[in-house]
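Everything below concerns the one structure shown next.
The values are calculated or read from the model by the stated rules, or taken from the named source; none is laboratory data. Bear in mind that the values here come from a model prediction, so they are computed numbers and not experimental data. Note: ideal-geometry Cβ built from the backbone for every residue, glycine included; neighbour counts use all protein chains shown.
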Amino acid sequence: SQQGEEDPQALSIQEGENATMNCSYKTSINNLQWYRQNSGRGLVHLILIRSNEREKHSGRLRVTLDTSKKSSSLLITASRAADTASYFCAAYSSYKLIFGSGTRLLVRP
Amino acid sequence: DTGVSQNPRHKITKRGQNVTFRCDPISEHNRLYWYRQTLGQGPEFLTYFQNEAQLEKSRLLSDRFSAERPKGSFSTLEIQRTEQGDSAMYLCASSSEGQGWDTEAFFGQGTRLTVV
C-alpha cells in the first residue's frame, strides 16, 4: 500500500478540548504536510514541516516530526465545531505526496 | 486566479463506457498531479506531470487509464472501458517547482465518478 497509517481513525471531542492525531509514514521525506478535507470536498493545505525541523506552529495548530521514528503528530488546540473534518498527513518524497488513511475528527458543540 | 478547477464535478457512466475528466491547474504551476480517493481512505497517487512531461505513473494506473498534459497547462484523465471498481473521487492538484522543500499542493474539488 502507498499509504501510511494514521491514528486514531476517528476522534470525537467536545468543543474547546484539544485534538491530537498521529501519523506514520514509510519512506524518507523532504517534508511532511497536513491537509484537511470537509465531507465530499477537496483537500486544503494546513501546515508543512521540513525534514530538518522538529516542531512547527501555525495559529491553533502544532506539528511535530520525528524522522527517526518516521512519525508526525498534529495538535489542534481549543477546538471548534468548524474543525470537524477529516485530517490527512502526506509525506513529500520523490516529487509527490503520499497520503495517510486519515483521521475523522468530530467536534461536538 | 480561482484555484484548481476540475470538470465535471460528477459523472455517472455505464460499465464499459469511456470517460474523460479535465483539470485546469493554477496558472504558472508547472507540476500537476492526479489522485484517486475512495470512501474513507486517503488519496492514492496516480500520476504526475512536470510541464507537459509525464514523469511518474503509479502501478495503480492500469492500461485503461491515460493522462495527458499537452501544452503544460490543463490535463485530462481518460478511463477506457470503465469498471465498477473505478468508482471513486478523482482529485487533481498543482504546485510550483520550488526548491523541493516547500512544495505545497493545491487541490481541486474533484470529479466523483460512479460506474453503474
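Just a few scattered comments:
- Pairs where the first residue, in region A:72-94, is modelled with pLDDT of 95 or more and the second is assigned to a helix (DSSP H, G or I), C-beta under 7 Å, 6+ apart: A:I76/A:D83
- Those residues of region B:59-90 which are within 14 Å of the chain's Cα centre (by Cα) and in contact (Cβ under 8 Å) with a residue 60 or more places away in the chain, in sequence order: B:E78, B:I79, B:Y90
- Count of region B:66-116 residues which are polar (S, T, N, Q), assigned to a loop (DSSP other than H, G, I, E, B) and over 14 Å from B:Q17 (Cβ atoms): 5
- The listed residues are A:A19, A:A81, A:A85, A:A90, and the only one of them that is more than 10 Å from chain B (Cβ to nearest Cβ), small (G, A, S) and closer than 30 Å to B:T114 by Cα turns out to be A:A85.
- Checking each residue in region A:23-50 for being within 15 Å of A:T103 (Cβ to Cβ), crowded, with 20+ Cβ neighbours inside 10 Å and over 10 Å from the mean Cα position of the chain (by Cα) picks out A:Y25, A:Q37, A:L43.
- Taken together, B:R22, B:R112, B:R36, B:R9 contain a single residue that is at pLDDT 95 or above, under 26 Å from A:S39 (Cα atoms) and touching a His at 6+ places or on another chain (Cβ under 7 Å), which is B:R112.
- Restricting region A:5-36 to residues that are touching an Asp or Glu at 6+ places or on another chain (Cβ under 8 Å) and not aliphatic (A, V, I, L, M), the residue that is modelled with the lowest pLDDT: A:N31
- Tabulated pairs, region A:37-53, first within 9 Å of chain B (Cβ to nearest Cβ) and touching a residue at least 40 places away in the same chain (Cβ under 8 Å), second in a strand (DSSP E or B) and of a type in the set (F, W, Y), C-beta under 6 angstrom, 6+ apart or interchain: A:L43/A:Y35; A:L43/B:F107
- Qualifying residues in region A:2-16 (those that are charged (D, E, K, R) and within 12 Å of chain B (Cβ to nearest Cβ)) - the one farthest from the chain's Cα centre (by Cα): A:E5
- Region A:68-93: number of residues that are more than 15 Å from the chain's Cα centre (by Cα) and surrounded by 14 or more Cβ atoms within 10 Å (Cβ to Cβ): 1
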